[in-house]
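To keep things clear, I will list the structure first and then write my remarks on it.
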Amino acid sequence: MIATIKFEWRKLRFRPAFFVSAGLIAALVALVYFVSWYQALHPGTSERGLVNILTLYPAQFVNQVIGAGAIGGAIAIVLGAIYAGSEFSWGTLKTMFTQRPGRLTVWAGRVLVFSLWMAIMAGVLLVAGAAMSVVVALFQGAAISWPAAVDIAKGFGALWLIFVAEGAIGLGLGVVIRQSAAALGAGLIYLLAVEIIAVRFIDSINNGAYQWIGNLFVGQNAGALTQSFTSPAFGRSVAPAISAEHAVLVLAAYGVGLVIVAAGLLRLRDVT
Amino acid sequence: MDNSDTTIVETHGLTKRYGSRVLAVDSIDMSVRRGEVYGFLGPNGAGKTTTLRMLVGLIRPNAGTATVAGQAPGSPAGLARIGSLIESPGYYPYLSGRENLRVIADLAGVDSKRVEEVLDMVELASRAGRKFGTYSTGMKQRLGVAGALLKDPELLILDEPTNGLDPQGMAEMRKLIKDIGQGDRTVLLSSHLLGEVEQICDRVGVISNGKLVTQSTVQELLGEEGVLVRAQPIEQAQDVLTRMFGADAISRKDGAIHLKTKPENSVEINRQLVGAGIGVSELRPFERSLEEVFFQLTGEKQGS
C-alpha cells in the first residue's frame with residue numbers, strides 16, 4: 001500500500017491539473033471576495049446584491065468561503081473524472097496492473113491520494129479566504145479576529161467531505177465510462193441539471209410526500225451542509241430542509257459507496 | 001508431470017470469448033521453456049494480444065488454466081517476476097521518460113537505481129529528461145521495453161515491440177531483444193513479422209483464428225534441409241536420384257525435383273546426373289521459408 005501511495009503522490013504532484021485546480025479555486029475565492037466587497041461598499045436598490053461588510057472580515061471567513069463549496073464540488077467532479085478516466089485514455093492502467101500490487105491495492109492507494117488532493121483543495125480554499133478577509137479588514141480598518149479553531153476545523157471537514165463525495169462521482173464515472181472527457185461531461189450535467197430537475201419533480205409529487213427521496217441526492221446534501229455554516233451577519237432566516245448531520249451521513253455514504261462500486265468494476269472487468 | 005523447472009509459461013485449454021459470437025482465443029495449449037526466446041506468431045487479429053493479456057492477468061479467460069512463472073496470471077507474486085509490454089507503452093505524457101520509470105519503480109517496489117540501468121540498456125539515458133508525450137514512436141517503444149525490464153524479470157513478455165518503427169528502429173529493437181534474451185531470461189515475443197521471429201526466436205507458436213496451430217523450434221517448422229534439382233529429361237533424372245536416395249526422399253513440384261538430402265551431396269548428385277547424360281540446369285540447396293510455412297499453417301493467401 002505504501003508503494004502505491006508513493007506512486008500516486010509522485011505522479012500527482014507533477015500533474016498540471018493539480019496546480020491548475022488549486023490556483024483556480026484560490027482565484028475564485030479572490031473573485032468572490034472582490035465582488036462582494038464592491039457590493040458591500042456600493043449597495044444598490046435591489047435586495048439581491050446586498051452584502052454585509054461584516055461577512056467579509058476574518059471572523060466570518062469560514063462561513064464566507066464555504067459558499068464556494070458548490071463550485072469546488074463541481075471542480076472535484078472534473079478532477080475525479082480526469083484522475084480516473086485518463087488512466088484508461090493513456091493506457092497506463094495496464095502498466096499499473098502489471099506491476100506488483102493487486103488491483104484493489106492500487107485502487108485503494110489512488111483513492112487515498114485523491115482524498116489528500118481534496119484536502120489540499122479545501123485547505124487552499126480556506127487559506128485563500130483567510131488571506132482575502134485580512135486584506136478586506138486591513139483596507140476597511142477593522143480589527144482582525146479569527147473564528148474558533150474548532151469552527152475552522154469543521155469548515156475544513158465539511159469542504160473536504162463535499163469535495164470527496166462529489167469527486168467520487170467523477171472517479172466512479174471515469175471508471176464506468178473508461179475515459180475522462182465523457183465522464184466529466186456526464187458528471188457536470190448530472191450535478192448542474194439532472195439532479196436539480198429530478199429533485200424538483202420529486203418534491204412536486206403528491207404535495208411533497210416523496211421529498212425524503214429528494215433529500216438523498218448528493219447536491220442537496222452538499223448545499224445543506226454549506227448552509228449550516230452561517231451567522232446573523234449573513235441574514236439568512238430560512239433553515240435548510242436537511243440537517244447538517246443528515247448531510248454528513250449522506251455525503252459520506254456517497255463517497256464510500258461510489259468508491260466501492262468503482263473498486264468492484266476495476267477488480268472484475270477486463271483491461272482491454 | 002511437474003514441468004515447473006523447465007517451463008515458465010504453461011496453458012491448458014485457455015479460451016477467451018467475447019459475447020456469444022466472438023471466440024478470440026480457442027482452447028490454447030502453449031508452453032514456453034525457461035531461457036528461450038519464444039515467438040508467438042500470427043496474423044493481425046489472430047488472438048496474440050488477447051492471449052498475452054490473459055497471461056499477465058489483464059483479462060480473464062472464460063475457460064482453461066494458465067501458469068506463469070509458477071503462479072496464476074495476475075497474482076502479485078507472479079507479476080513480481082514478469083516484465084511486460086502489451087501493445088503500446090502506457091506512460092504519463094506529462095512526465096519525463098525517467099520520471100515515468102521512477103514512478104513505475106515505486107509501484108513495483110524496485111530500487112530507483114535500476115531506472116538508470118535500464119535506460120542505459122535501451123540507450124535512452126541521454127533523452128530520458130524529455131517528456132514522454134514528446135517522444136517519437138521508437139523512443140516510446142524503447143521506454144516501454146525499459147519499463148518491462150525494471151523488475152529484472154525472469155520472463156519478459158513483448159507484444160509486437162517493433163510496431164510502428166522505421167526499418168532502422170526495427171533492426172535496433174531486434175538487436176536489443178536478442179541481447180536481452182541471452183542468458184537465463186525467457187522472452188515471449190509476439191509478432192506478425194515473420195523475418196523478425198525467424199531471426200530472433202528459438203521456438204515459435206503459430207496462432208490463427210484463435211487456435212494454436214503449431215508449436216516447435218524454428219528449424220523443425222522449416223522442415224529438413226534439401227536440394228532442388230532442375231534437369232532434362234526430368235523422368236530420367238528422377239530415376240537416377242531415386243536409385244541414389246530412395247523414393248521417399250524425392251518429390252516433384254513446379255517442374256523441379258525436391259530432394260531430402262544434405263546440400264553437401266550436391267557435387268555427387270551433379271556427377272551422377274551428368275554421367276548419365278542428363279542436362280542439369282539448376283542445382284541448389286533448398287529450404288522452405290518461414291513465410292511459406294506460415295501461410296500453409298494459417299491458410300492465409302500469400303501476397304494477399
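Each value in this text was obtained by applying a stated rule to the coordinates, not by laboratory testing. This is a predicted model, so every value here is computed, not measured. Glycine also receives a Cβ, built like all others from the backbone with ideal geometry; neighbour counts cover every protein chain displayed.
Amide H of B:T214 versus every other amide H placed in the peptide plane: which residues, excluding those fewer than 5 positions away on the same chain, fall under 5 Å?
Under 5 Å from the amide H of B:T214: B:V206.
Could you check what % of the DSSP bridge pairs in the protein assembly as shown are antiparallel, to the nearest 5? Show your work: numbers first, answer last.
Details: 35 of 53 bridges.
Looking only at bridges with both residues in the protein assembly as shown, the antiparallel portion is about 65 percent.
Under unit Cβ charges (Lys, Arg +1; Asp, Glu -1), what dipole magnitude, rounded to 20 debye, does region B:180-304 have relative to its Cα centre?
On the way: 13 positive and 18 negative charges, 40 e Å.
The dipole magnitude comes to about 200 debye.
Over the Cα atoms of the protein assembly as shown, what Rg and Dmax result, in angstrom?
Every Cα atom of the protein assembly as shown included, Rg and Dmax give 33.9, 123 Å.
Which loop-located trypsin sites (Lys or Arg not before Pro) does region A:168-272 contain, where loop means any DSSP state but H, G, I, E or B and the Cβ has at most 15 other Cβ atoms within 10 Å?
For trypsin sites (Lys or Arg not before Pro) across region A:168-272 that sit outside H, G, I, E and B with at most 15 neighbouring Cβ atoms in 10 Å, the list reads A:R236, A:R269.
Find, among the trypsin sites (Lys or Arg not before Pro) in region B:1-92, those assigned to loop by DSSP (not H, G, I, E, B) with at most 11 other beta-carbon atoms within 10 angstrom.
B:R21
Based solely on its DSSP helices, what 222 nm [θ] is calculated for chain A when runs of n ≥ 4 H residues each add -39,500 (n - 2.57) and the sum is averaged over all residues, nearest 500 deg cm²/dmol?
Calculated from helices alone, the mean residue ellipticity at 222 nm is -24000 deg cm²/dmol.
With each run of n ≥ 4 DSSP H residues scored as -39500 (n - 2.57), what mean residue ellipticity at 222 nm is computed for chain B after dividing by its residue count and rounding to the nearest 500 deg cm²/dmol?
When only DSSP H runs of four or more count, the value is -10000 deg cm²/dmol.
Quick one: of the DSSP bridges fully inside chain B, what percent are antiparallel, nearest 5?
The antiparallel proportion sits near 65 percent.
Taking only the alpha-carbon positions of region A:154-272 and ignoring solvent, what does the Debye formula give for the base-10 log of I(q)/I(0) at q = 0.11, 0.17, 0.21, 0.23 Å⁻¹?
-0.44, -0.93, -1.21, -1.31
Given the convex hull of the Cα atoms of region B:128-226, what is a quarter of its surface area in nm²?
8.3 nm²
Taking the Cα atoms of region A:1-87, what is the range of coordinates along each of the three principal axes, in descending order and whole Å?
Principal-axis extents of the Cα atoms in region A:1-87, largest first: 57, 25, 17 Å.
Could you work out which residue, out of A:A149, A:A165, A:A74, moves most in a Gaussian network model of chain A, that is, has the largest mean-square fluctuation with Cα springs under 10 Å?
A:A149
Take the alpha-carbon positions of region A:93-149, form their convex hull, and give its projected area averaged over all directions (one quarter of the hull surface) in nm².
Over every viewing direction, the Cα hull of region A:93-149 projects on average to 5.9 nm².
What is the mean projected area of the alpha carbon convex hull for chain B, to one decimal in square nanometres?
Details: hull surface 79.0 nm².
Answer in nm², one decimal: 19.8.
Region B:252-304 to region A:1-63: how many Å between their Cα centroids?
What the calculation gives is 82 Å, centre to centre.
Rounded to two decimals, what is the ratio between the C-alpha radius of gyration of region B:206-300 and 2.2 N^0.38 Å? Mind dumping the intermediate values first?
Numbers: Rg = 15.9 Å, N = 95, 2.2 N^0.38 = 12.4 Å.
Output field value: 1.28.
From the backbone phi of region B:85-96, what are the Karplus-calculated ³J(HN,Hα) couplings (6.51 cos²θ - 1.76 cosθ + 1.60, θ = phi - 60°) in whole Hz, Gly and Pro given as x?
10, 9, 6, 8, x, x, 9, 7, x, 8, 9, 6
Charges only on Cβ, +1 for Lys and Arg, -1 for Asp and Glu: so what's the dipole of the protein assembly as shown about the Cα centre, in debye to the nearest 20?
Around 1240 debye, computed over the protein assembly as shown.
Once you have the Kirkwood Rh of region B:22-105 from its Cα pairs, apply Stokes-Einstein at 37 °C and 0.692 mPa s and quote D in µm²/s.
Estimated via Stokes-Einstein, D reaches 222 µm²/s.
Give the separation of the Cα centroids, region A:109-130 to region B:105-132, in Å.
Region A:109-130 and region B:105-132 have Cα centres separated by 31 Å.
Any chance you could check the Cα centroid distance between region A:238-266 and region A:131-167 for me, in angstrom?
Taking the Cα centre of each part, region A:238-266 and region A:131-167 sit 23 Å apart.
Per residue of B:143-151, how many C-beta atoms from partner chains lie within 10 Å of its own C-beta, taken as a mean? Please list the in-between numbers first.
Details: counts 0, 1, 0, 0, 3, 2, 0, 1, 2.
Per residue, the average neighbour count from other chains is 1.
Across region A:137-150, in residue order, what do the Karplus-derived ³J(HN,Hα) couplings come to in whole Hz, using 6.51 cos²θ - 1.76 cosθ + 1.60 with θ = phi - 60° and x for Gly and Pro?
Running phi through 6.51 cos²θ - 1.76 cosθ + 1.60 with θ = phi - 60° gives 4, 5, 5, 8, x, 8, 5, 9, 10, 9, x, 4, 4, 5 Hz.
Which residues in region A:241-272 have a backbone N closer than 13 Å to a point placed 7 Å from the Cα of B:Y18 along the Cα-to-Cβ line?
It comes to A:270-272, nothing else.
Could you pull out the pairs from A:K11/B:K175; A:K11/B:K48; B:K131/B:K175; A:K6/A:K94 whose alpha carbons sit more than 29 Å apart here? Don't skip to the end; give the middle numbers.
Numbers: A:K11/B:K175 32 Å; A:K11/B:K48 32 Å; B:K131/B:K175 26 Å; A:K6/A:K94 18 Å.
Over 29 Å Cα-Cα: A:K11/B:K175; A:K11/B:K48.
Return the long-range amide H neighbours of A:Y57 (sequence gap of 5 or more, or a different chain), with a cut-off of under 5 Å between placed amide H atoms.
Correct list: empty.
For region A:185-272, which chymotrypsin sites (Phe, Trp or Tyr not before Pro) are in a loop by DSSP, counting at most 15 other Cβ atoms within 10 Å?
Loop-located and lightly packed - A:Y210.
Using modelled amide H (1.01 Å from N, peptide plane; none on Pro or chain starts), what sits under 5 Å from the amide H of B:S84, excluding residues fewer than 5 places away?
Distant-sequence amide H within range of B:S84: B:I157.
In debye, nearest 20, what is the charge dipole magnitude of region B:245-304 about its Cα centre with +1 on Lys and Arg Cβ and -1 on Asp and Glu Cβ, if you could check? Don't skip to the answer; put the middle values down first.
Numbers: 8 positive and 9 negative charges, 30 e Å.
Dipole about the Cα centre, nearest 20: 140 debye.
May I ask you to work out the translational diffusion coefficient for region A:41-177 at 10 °C, viscosity 1.306 mPa s, via Stokes-Einstein with Rh from the Kirkwood sum over Cα pairs, reported in whole µm²/s?
93 µm²/s
Output ³J(HN,Hα) for region B:57-64: one whole-Hz value per residue in order, computed from phi by the Karplus curve 6.51 cos²θ - 1.76 cosθ + 1.60 with θ = phi - 60°, and x for Gly and Pro.
Values per residue, Gly and Pro as x: x, 6, 10, 9, x, 7, 8, x Hz.
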